[in-house]
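Worksheet for the structure shown next.
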Amino acid sequence: MSQNPLVSVIIITYNQENYIGQAINGVLMQNFSENIEVIIADDNSPDNTEEVIKSFSDHPNFGCIKYFKHRENMGMMPNFIWAYNQCKGKYIALCEGDDYWIDSLKLQKQVDFLERNPEYSLTFHKIKELTTQEEKFTFTNPDEEKTYTISDLSKENFIITVSVVFKKNIATMPDWLQYSPIGDYPLHLLNASYGLIKYFPDEMAVYRVGSGTWSTQNTVDQIINTMFSLRFLLQHFKNDKDIFDHLKIQYTNFQKTLLRPFEERKSLEMKVKDYNYLESITSFSSLLKMAKIKIVKKLKNRNSN
């Protein structure tokens, strides 16, 4: 294998013995005309992830795999950044250990486009969602090719990580990224700051819902983590008014969503207090008192006449 592969594929994994095999199969089946390297960064999984990876040693394309297992758990983002720093390719493709590719020409399609169109820095495509939930978890992408800008992306994240191939423009990731609870959205925005974004309507990968860190979090945790990550992004893009304003709107909307239950509870408490007051002044005994007062007033008026 060449010392300078055209593409580096990053697979970060932790405790994914049931899924990592599909992720590796999807990468090794690629019909790609150039050399690739596959960086598998195992964040010290205590399960049989390592055994599953080593079971591919007889595969004819196993030589492109570079497997690393950390002695201590680093955490998702530090593990990703570490893997990123190992990459030698001009382009980087992402496939987390619980997702997988299903199109053998995926890399060829995306890399060919980037090679022909240097003004683009990032490509992604439609994915197939694997879930037992009735409600769709991911963003619904269109059925035709599209070009997006960083301005579009700063309004909301519509990119699923398993679909991404991007040009390695960033030599060193910003320090704050390792502390961000969310890694994919900041990464996509950072990459999009170097060029345009290309979308392909082909379903070339599967995103597994309910097995990863994000999709297993409850809604409140997701909102808090998103707001935390948006604060980093707001600081990073503070000198770009268009991007900053879009990110600020997102942050404010998430903040309102987070506070809404408390505001509704406060409103309900006020209504309960008002109801108790109304109930007290409209109780049967109070109504009798009011009736007696009115009768007494009428009698007084009659007597005075």
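The values are calculated or read from the model by the stated rules, or taken from the named source; none is laboratory data. These figures come from a predicted structure and were not determined experimentally. With ideal geometry, Cβ positions are generated from the backbone for all residues, glycine too; neighbour counts draw on all protein chains shown. Side chains are part of the model used for accessible areas, which takes the heavy atoms of the whole protein and leaves out ligands, DNA and RNA. Shrake-Rupley method; radii C 1.70, N 1.55, O 1.52, S 1.80 Å.
Restricting segment 31-78 to residues that are of a type in the set (Lys, Arg) and out of contact with any helix residue (DSSP H, G or I) (no Cβ under 8 Å at 6 or more places or on another chain) leaves a set whose member that is farthest from Pro186 (Cα to Cα) is Lys54.
Residue by residue, here is whether (1) out of contact with any Leu (no Cβ under 8 Å at 6 or more places or on another chain); (2) among the acidic types (Asp, Glu); (3) open to solvent by less than 50 Å² (accessible area, probe 1.4 Å); (4) not in a loop (DSSP other than H, G, I, E, B) holds:
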| position | (1), (2), (3), (4) |
| --- | --- |
| Thr172 | yes, no, no, no |
| Pro181 | yes, no, yes, no |
| Asp202 | yes, yes, no, no |
| Asp221 | yes, yes, no, yes |
| Ile224 | no, no, no, yes |
| Asp242 | yes, yes, no, yes |
| Tyr251 | no, no, yes, yes |
| Gln255 | yes, no, no, yes |
| Leu258 | yes, no, yes, yes |
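The residues in segment 22-51 that are in contact (Cβ under 8 Å) with a residue 24 or more places away in the chain, open to solvent by less than 50 Å² (accessible area, probe 1.4 Å) and not hydroxyl-bearing (Ser, Thr, Tyr) can be counted, and the count is 16.
Take the residues in segment 226-240 that are in contact (Cβ under 8 Å) with a residue 24 or more places away in the chain and surrounded by fewer than 17 Cβ atoms within 10 Å (Cβ to Cβ); name whichever of them is nearest to Pro174 (Cα to Cα).
Applying the first criterion (in contact (Cβ under 8 Å) with a residue 24 or more places away in the chain) to segment 226-240 yields 226-230, 232-233, 235-237.
From what's left, surrounded by fewer than 17 Cβ atoms within 10 Å (Cβ to Cβ): 228, 235.
On the way: Phe228: 16, Gln235: 12 Å.
Looking at the filtered set, the residue picked out is Gln235.
Mind checking which residues of segment 17-69 are touching a Pro at 6+ places or on another chain (Cβ under 9 Å) and farther than 19 Å from Gln110 by Cα? Answer for segment 17-69, where residues must be touching a Pro at 6+ places or on another chain (Cβ under 9 Å) and farther than 19 Å from Gln110 by Cα: Asp43, Cys64. A search for C-beta distances below 7 Å between a residue of segment 108-125 that is surrounded by 16 or more Cβ atoms within 10 Å (Cβ to Cβ) and any residue that is of a type in the set (S, T, N, Q) and in a helix (DSSP H, G or I), counting only pairs 6+ apart in sequence or on different chains, returns Ser121/Asn191; Leu122/Asn191; Thr123/Gln110; Phe124/Ser163; His125/Ser163. Condition first: modelled with pLDDT under 95 and open to solvent by less than 70 Å² (accessible area, probe 1.4 Å). Now tell me which residues in segment 1-14 satisfy that. Across segment 1-14, the qualifying residue is only Ser2.
Working only within segment 183-198, note down all residues that are touching an Asp or Glu at 6+ places or on another chain (Cβ under 6 Å) and either open to solvent by 40 Å² or more (accessible area, probe 1.4 Å) or closer than 20 Å to Met76 by Cα (or both). Spell out the reasoning first.
Filtering segment 183-198 for residues touching an Asp or Glu at 6+ places or on another chain (Cβ under 6 Å) gives 195-196.
If the condition is that a residue be touching an Asp or Glu at 6+ places or on another chain (Cβ under 6 Å) and either open to solvent by 40 Å² or more (accessible area, probe 1.4 Å) or closer than 20 Å to Met76 by Cα (or both), then Leu196 is the only one that fits.
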